[in-house]
Amino acid sequence: MPGDKKAGNKESNVKKGLSRRDFLVAGGTVAAVDALIASTPAKAATPSPPAAATTYPASEGYLVYDSKKCAGCTTCMLSCSLVHYGVQNLSRSRIQIIQDSFGKFPNDIQMAPCRQCKTPVCVQNCPVGAAFVDTENGNVRRIDSSKCIGCRTCLKMCPQQPHRTVWVVIDGKGKSSKCDLCLDTPYWNEKGGPGGKQACVETCPMKAIKFVAVMPEQKETEGYDVNLRNDHWLNLGLVDNSTVVPKMDLTWRILPGGEE
Amino acid sequence: MMKGGYTGKILRVNLTTKTIGTIDTAKYEEFGGGHGIGSAVFFDLVGDQLPFDAFDPRNCIIMMASPFSGTFMPGSGRCEVQGLGPMLYPIEWFGHSNFGGRFTAQLKFAGWDGIVVEGASDEPVWINIVNDKVKIESANGIWGMDTWDTQEEISRRVVPDLKYGEWAELAENCFTTQIPAVVCCGPAGENKSRLGALLHGPGSQAALCGFGGVFGSKKLKAISAIGTSDVPIADPKAFMDARLWYRRFQWDVDNPREAERFGTGGPYALISGRPSGGNTLNRDIPLTPARAAACASCPRGCRMRLATSDSNESVCGGTMTITVQGSTKFTRQGNDLMQKYGLGHWQLIPLMGYVQTLYRKGILGKGKQIDTDLPLDRNGTFGYADTLMRQIALREGIGNDLSEACARFAEKIGRYEEDVNSGELSLAYYGTANHYDPVIEAEWGFGSLLGERDLMLHMMSNYPIHWMAWSGDPYLTAEETAKLYTDAMEPYQGDPFMVDHSDGPTGIYSDSKVKQVAWIKHYEKFWVGAGGFCGWRWPMCITNNTADRRGPTPRAEEKFWNAVTGNNLTFADYMEIGHKIYTLDRSIWVLQGRHRDMEVYPDYIYDRPTRGHDMTMYIDGKWKYDTGAGRKLDRAKVEDFKTRFYKFEGYNHENGYPTRATLEKMNLGKVAAALEKKGRLG
Ligand code: SF4
Ligand code: SF4
Ligand code: SF4
């Protein structure tokens, strides 16, 4: 619960040039709210954060994914936007798929869903408790956008790159939001959350996103970006290592008169 | 009115006057979207001035999105480009070409249902669309670049502090992690090559019609779009339910049906919806590590992106135009070079073949009748391909004539009649190449001939049947195929002879075939054209991905369209809008000079006995797969077929012109007036 927070901020180790990922590794639970807020142009009043907790009950659900299996179709993003807001908009999606068509596999795609962190820095640092751990719903790390004051602290604090807090316009005002594992999906006939379904998982045609109940390894992306491919994938001729040989023959039978 | 799917406005840019305006989408809603609205806008803007040339500043480039663009409607990520096509022959017909990727999605997120470009700039420019901010920018430093560098440079100019993998705040509260979607011409287009393609990403090209050349004639290098706004959906819950329902028709990547049969690299790859099968250049062991790569919202992902990043996102012709013998690596790079020059592969293939034919005949070469320093004896090497493509793109040497594309090049050297009629230069439809066999897969031929260029719609009847039959292991008998296939062809369902490819009484000249060709044209115009569908995904009348082999067509189309737009029409209603769009297109061609006498094949297609191809045929009272080898097309029967087709569609059978009654019934009275003014009302 937001109110459970204890003082936890120690020092600033965030400075320009240090990536969010470096920060995650170096800092883990440590956040540098004051320094960051001070360096952020104020979009709204930024009251001091309430005392932050250092430990939180673990989320009962996580999204893991396979960034080598993803085809970049953005169906997951549009599903996320649709079930939460009733519209289609990549910018409203709580999972971001970033891709460079000219890039080299596997770096041409980066999948960026929320990690439901062990220590959710977004929750820890929200000055008004709009970001919270929903103890009534599987401890999902959530943001109540209606309580968000628009200070952007959680955008700065989420240690992931890109930050998994998502800035959306609601009633003309900029507010933060984040993955709620589909707990609150007014535009979907299914129940979400840890015991239910997740829109992105359900619609991904490559089955590149999976819901798991056990907290993944928190180090870097290892625990989250996992191999969800089986032999059928290999037999498409899609390998992540050129020493691997598919079981099936990939060549074409050449018959006379065949066009392509 | 306009509940969902549309943003409500079309961007209108005049490059002569440098003005930027808008057109209300609502005014054109009756045409659906995409190609339908594009044709109507074209007619309204310049219909009364036809005919004029494709490189005339009055020509427009129209790129319309559809109500589905920017949504997760499966396989709707294409962008339809329209305008007079300089590749087409003998008249530069009002044509269309389309490309996949993310362009229309970003256009919609930017708040636009489409873009219409008029006029011509006097200096190189590009159009910069960031949400509702639209600017005509100088292309200084970009003009002359290849299509890849152009896109990279423009992305940097659009979002100067763009960091891959980070959010960018385009304007206050407008965040995106996405890279701007850029479509551009290459050096070929800049030099008004009639082979000029439009490129988006490394390998998505609008290959037909020569719209790259039209960009060049307007001194328009590129259009970039990026946006962060909402695409409204009329019934979000129904749309989500429809998307989840559609999953049963997809290739199941973790557990595909009959994997042994469908999982190999063979012909089933093309029809099963299997990911990554479109890139033909990564099948040799050792494989290059790669992913399947999809256009926006496509559940198939027919393309690849590779660890070597060569042949990224190219498929089919984009990976098969250039062959460098003995080297997959250089073959990929040769095809990439074609993409960078911005040359349309589907015209480059016959052109390169023709150059070699002329060389072998001793007509073309150093010191020959057609003198060129091309290293013709080095065909099959990277150097030859590069030299040839460079000369075409830059109009150097012989390239200046070759850049006029196949038909006009042949005409220029005085060989058009002889070489096209003999099939030495295998053109078939208005300067575009022969493709699937019009003698057997007659709907492909008729669908092209009664259009303005090669049909290029692979999922239309012939294709799933063609490859299933060719595999030697068809998953349906010919009889089952005919029944299931035509069950889906509303409103003409229940007539299996629509897919009879025999030349018997129910075959390729029959009234059933008339219906099938009409179905194809209407589907092409509404679902593919107005809906922005991919021709490799839709329609899907049969599929191996379901137990009963039924595909999502026709239920999916209406389900999705109604959920998105809030309309409540049936598949058949929408097909009738397709009929209307086809009639409008046809009227525009008539204004340009189309007459039924022009709707004929070159001689070789009639006179050369075909090698045939396994297709569904009804012979001696039985359905079977048969090749029809040795068949010749009968001129009189083709003409008789056309007569019945025109009548079926409501056109005058003597000239093929739409009639007043047909046009007025379709609320196209002003089109009837325009035709009448020219004395060409049917
Ligand atoms: S938004 Fe960021 S900090 Fe918060 S739980 Fe998700 S990944 Fe962790
Ligand atoms: S689980 Fe739901 S809220 Fe989270 S990213 Fe997926 S669709 Fe969005
Ligand atoms: S839906 Fe799946 S394949 Fe498509 S972008 Fe999302 S994770 Fe990738």
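The values are calculated or read from the model by the stated rules, or taken from the named source; none is laboratory data. Owing to the predicted nature of the structure, the values given are computational and were not obtained by experimental measurement. Note that we place each Cβ from the backbone using ideal geometry, even for glycine, and neighbour counts take in every protein chain shown.
Among (1) within 16 Å of the chain's Cα centre (by Cα); (2) buried (at least 23 other Cβ atoms within 10 Å of the Cβ), there is one condition A:Ala213 misses while meeting the rest; what is its number?
(2)
Considering only region A:175-186, I want to know if a residue exists there that is more than 10 Å from every other protein chain (Cβ to nearest Cβ), farther than 30 Å from B:Arg274 by Cβ and in a strand (DSSP E or B).
yes
Residue check: is B:Lys237 more than 9 Å from chain A (Cβ to nearest Cβ) and among the charged types (D, E, K, R)?
Here the answer is no, as B:Lys237 does not meet what is asked.
Per-residue answers, yes or no, for (1) in contact (Cβ under 8 Å) with a residue 40 or more places away in the chain; (2) within 16 Å of the chain's Cα centre (by Cα); (3) surrounded by 15 or more Cβ atoms within 10 Å (Cβ to Cβ); (4) within 16 Å of ligand 2 (Cβ to nearest atom):
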position: A:Cys151; (1), (2), (3), (4): yes, no, yes, no
position: A:Cys154; (1), (2), (3), (4): no, yes, yes, yes
position: A:Pro159; (1), (2), (3), (4): yes, yes, yes, no
position: A:Ser176; (1), (2), (3), (4): yes, yes, yes, yes
position: A:Ala199; (1), (2), (3), (4): yes, yes, yes, yes
position: A:Pro205; (1), (2), (3), (4): yes, no, yes, yes
position: A:Ala208; (1), (2), (3), (4): yes, yes, yes, yes
position: A:Lys219; (1), (2), (3), (4): yes, yes, no, no
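Could you grab me the full set of residues in region B:476-518 that are surrounded by 19 or more Cβ atoms within 10 Å (Cβ to Cβ) and of a type in the set (Phe, Trp, Tyr)?
Of everything in region B:476-518, those that are surrounded by 19 or more Cβ atoms within 10 Å (Cβ to Cβ) and of a type in the set (Phe, Trp, Tyr) turn out to be B:Tyr485, B:Phe497, B:Tyr509.
All but one of (1) in contact (Cβ under 8 Å) with a residue 60 or more places away in the chain; (2) within 16 Å of B:Asn335 (Cβ to Cβ) hold for B:Ala293; state the number of the condition that does not hold.
Result: B:Ala293 fails condition (1) only.
Table: residues versus (1) buried (at least 24 other Cβ atoms within 10 Å of the Cβ); (2) modelled with pLDDT under 95.
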{"position": "B:Asp53", "(1), (2)": "no, no"}
{"position": "B:Pro67", "(1), (2)": "yes, no"}
{"position": "B:Ser76", "(1), (2)": "yes, yes"}
{"position": "B:Lys108", "(1), (2)": "yes, no"}
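Looking at A:Asn89 and the list (1) within 14 Å of ligand 3 (Cβ to nearest atom); (2) facing chain B (nearest Cβ under 8 Å), which single condition is not satisfied?
Result: A:Asn89 passes all but (1).
Sort through A:Pro256, A:Pro205 and tell me the only one that's at pLDDT 90 or above, within 12 Å of another protein chain (Cβ to nearest Cβ) and assigned to a loop (DSSP other than H, G, I, E, B).
When all the criteria are applied, what remains is A:Pro205.
Quick check on B:Glu166: is it acidic (Asp, Glu) and either touching a residue at least 24 places away in the same chain (Cβ under 8 Å) or away from chain A (no Cβ under 14 Å) (or both)?
Criteria not met by B:Glu166.
Can you pull out every residue in region B:133-164 that is in a loop (DSSP other than H, G, I, E, B), surrounded by fewer than 17 Cβ atoms within 10 Å (Cβ to Cβ) and among the small types (Gly, Ala, Ser)?
Within region B:133-164, B:Gly141, B:Gly144 qualify.
Which condition does B:Asp161 not pass, out of (1) in contact with a Lys or Arg (Cβ under 8 Å, 6 or more places away or on another chain); (2) more than 9 Å from every other protein chain (Cβ to nearest Cβ); (3) at pLDDT below 95, if it passes all the others?
Among (1) in contact with a Lys or Arg (Cβ under 8 Å, 6 or more places away or on another chain); (2) more than 9 Å from every other protein chain (Cβ to nearest Cβ); (3) at pLDDT below 95, the lone unmet condition for B:Asp161 is (1).
Hey, does region B:501-509 have a residue that's within 19 Å of B:Phe72 (Cα to Cα) and either among the β-branched types (Val, Ile, Thr) or in the same structural domain as B:Glu30 (by TED's automatic domain parsing) (or both)?
no
Restricting to region B:116-126, name every residue that is within 11 Å of B:Lys219 (Cα to Cα) and assigned to a strand (DSSP E or B).
B:Val125, B:Trp126, listed by residue number.
Would you confirm, using the coordinates I've provided, whether B:Glu639 is touching a residue at least 60 places away in the same chain (Cβ under 8 Å) and either away from chain A (no Cβ under 14 Å) or touching a Phe, Trp or Tyr at 6+ places or on another chain (Cβ under 9 Å) (or both)?
The answer is no for B:Glu639.
What are the residues in region A:154-171 that are more than 9 Å from chain B (Cβ to nearest Cβ) and either more than 16 Å from ligand 3 (Cβ to nearest atom) or in a strand (DSSP E or B) (or both), if any?
Across region A:154-171, the qualifying residues are A:Cys154, A:Lys156, A:Met157, A:Cys158, A:Pro159, A:Gln160, A:Thr165, A:Ile170, A:Asp171.
Considering every residue within region B:340-360, establish whether at least one is part of a loop (DSSP other than H, G, I, E, B), within 16 Å of ligand 2 (Cβ to nearest atom) and either under 19 Å from the mean Cα position of the chain (by Cα) or modelled with pLDDT of 95 or more (or both).
No; the residues of region B:340-360 include none that is part of a loop (DSSP other than H, G, I, E, B), within 16 Å of ligand 2 (Cβ to nearest atom) and either under 19 Å from the mean Cα position of the chain (by Cα) or modelled with pLDDT of 95 or more (or both).
For B:Leu374, all conditions in the list (1) assigned to a helix (DSSP H, G or I); (2) crowded, with 16+ Cβ neighbours inside 10 Å hold save one; what is the number of the exception?
If we test B:Leu374 against (1) assigned to a helix (DSSP H, G or I); (2) crowded, with 16+ Cβ neighbours inside 10 Å, just (1) comes out false.
Take region B:176-197 and flag every residue that is under 17 Å from B:Arg102 (Cβ atoms) and either part of a loop (DSSP other than H, G, I, E, B) or facing chain A (nearest Cβ under 7 Å) (or both).
Listed by number, the residues that qualify are B:Thr176, B:Thr177, B:Gln178, B:Ile179, B:Pro180.
For the condition more than 30 Å from B:Leu50 (Cβ to Cβ) and of a type in the set (Ser, Thr, Tyr), what is the one hit in B:Tyr601, B:Tyr582, B:Tyr606?
Of the residues listed, the single one that is more than 30 Å from B:Leu50 (Cβ to Cβ) and of a type in the set (Ser, Thr, Tyr) is B:Tyr606.
When both residues are 6+ apart or on different chains and their Cβ atoms are under 8 Å apart, which pairs have a first residue that lies in region B:438-450 and is assigned by TED's automatic domain parsing to the domain that holds B:Glu649 and touching a residue at least 40 places away in the same chain (Cβ under 8 Å), and a second that is charged (D, E, K, R) and part of a helix (DSSP H, G or I)?
Sorted first by the residue in region B:438-450, then by its partner, the pairs are B:Ala442/B:Lys513; B:Glu443/B:Lys513; B:Phe446/B:Lys513; B:Gly447/B:Lys521; B:Gly447/B:Glu524; B:Leu450/B:Lys521; B:Leu450/B:Lys642.
For region A:115-146, which residues satisfy the criterion of being more than 9 Å from ligand 1 (Cβ to nearest atom), surrounded by 23 or more Cβ atoms within 10 Å (Cβ to Cβ) and part of a loop (DSSP other than H, G, I, E, B)?
A:Cys126, A:Ala130
Any residue that is outside any helix (DSSP H, G or I) and more than 15 Å from ligand 3 (Cβ to nearest atom) - is there at least one of those in region A:94-105?
yes
What residue, among those in region A:155-213 that are within 16 Å of ligand 1 (Cβ to nearest atom) and of a type in the set (Asp, Glu), is nearest to A:Asp134 (Cα to Cα)?
Ranking the candidates gives A:Asp180 first.
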